[in-house]
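Here is the structure we will look at.
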Amino acid sequence: MIIANNKVVSIAFTLTDGQGTTLDETETGKPLDYLHGADNLLPGLEQALTGKEVGDNFQVSITPEEGFGVVNPDLIQSLPASQFEGIDKIEPGMAFEAKGASGKVEHVIVEAVEGDTVRINANHPLAGVTLNFDVTVVAVREADESEIAHGHVH
């Protein structure tokens, strides 16, 4: 069966960055299941899977535009450390949740602490990164009506 919209697909993959560092991978015997065509994967990866079938193994590089986006400089800002109430020591790499301008909760990472100023970044951690996938198609089946209606695998 060929991968197309409204098919449940199981894939095994390894994801690396441009330096070959492994960023993510499926566990042996535990593939990722998703509903094809329901925007459950990165657009570039889903597009690369279209037309493949069980047993296909391939590599694909996904540009930031087709992955987690390019770095948006508007999502990087410097704040006074006093805005981090109740935190004794703020260090680079710490993650926080904050309300954005739209009122939506955003995840931010501390990039630097310089004196009483904290630089945070609300971009996805993989924004601006070219993603290299090594993918094997493990299974493909028809989705049932409930999966299609809900937009995900049950």
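No other residue among 122, 149 is open to solvent by 60 Å² or more (accessible area, probe 1.4 Å), of a type outside the set (Lys, Arg) and either touching a residue at least 24 places away in the same chain (Cβ under 8 Å) or out of contact with any Leu (no Cβ under 6 Å at 6 or more places or on another chain) (or both) apart from 149. Please determine, by comparing only the residues of the stretch 66-117 that are among the acidic types (Asp, Glu) and surrounded by 11 or more Cβ atoms within 10 Å (Cβ to Cβ), which one is farthest from the chain's Cα centre (by Cα). Step by step, filter the stretch 66-117, then rank; the result is 111. Considering every residue within the stretch 71-87, establish whether at least one is touching a residue at least 24 places away in the same chain (Cβ under 8 Å) and under 22 Å from residue 20 (Cβ atoms). Yes, there is a match, as at least one residue in the stretch 71-87 is touching a residue at least 24 places away in the same chain (Cβ under 8 Å) and under 22 Å from residue 20 (Cβ atoms).
For residue 53, state whether it is modelled with pLDDT under 95 and surrounded by fewer than 18 Cβ atoms within 10 Å (Cβ to Cβ). So residue 53 fails the test.
The values are calculated or read from the model by the stated rules, or taken from the named source; none is laboratory data. These figures come from a predicted structure and were not determined experimentally. Please note: Cβ atoms are built from the backbone with ideal geometry, for glycine as well, and neighbour counts cover all protein chains shown. Side chains are part of the model used for accessible areas, which takes the heavy atoms of the whole protein and leaves out ligands, DNA and RNA. Shrake-Rupley method; radii C 1.70, N 1.55, O 1.52, S 1.80 Å.
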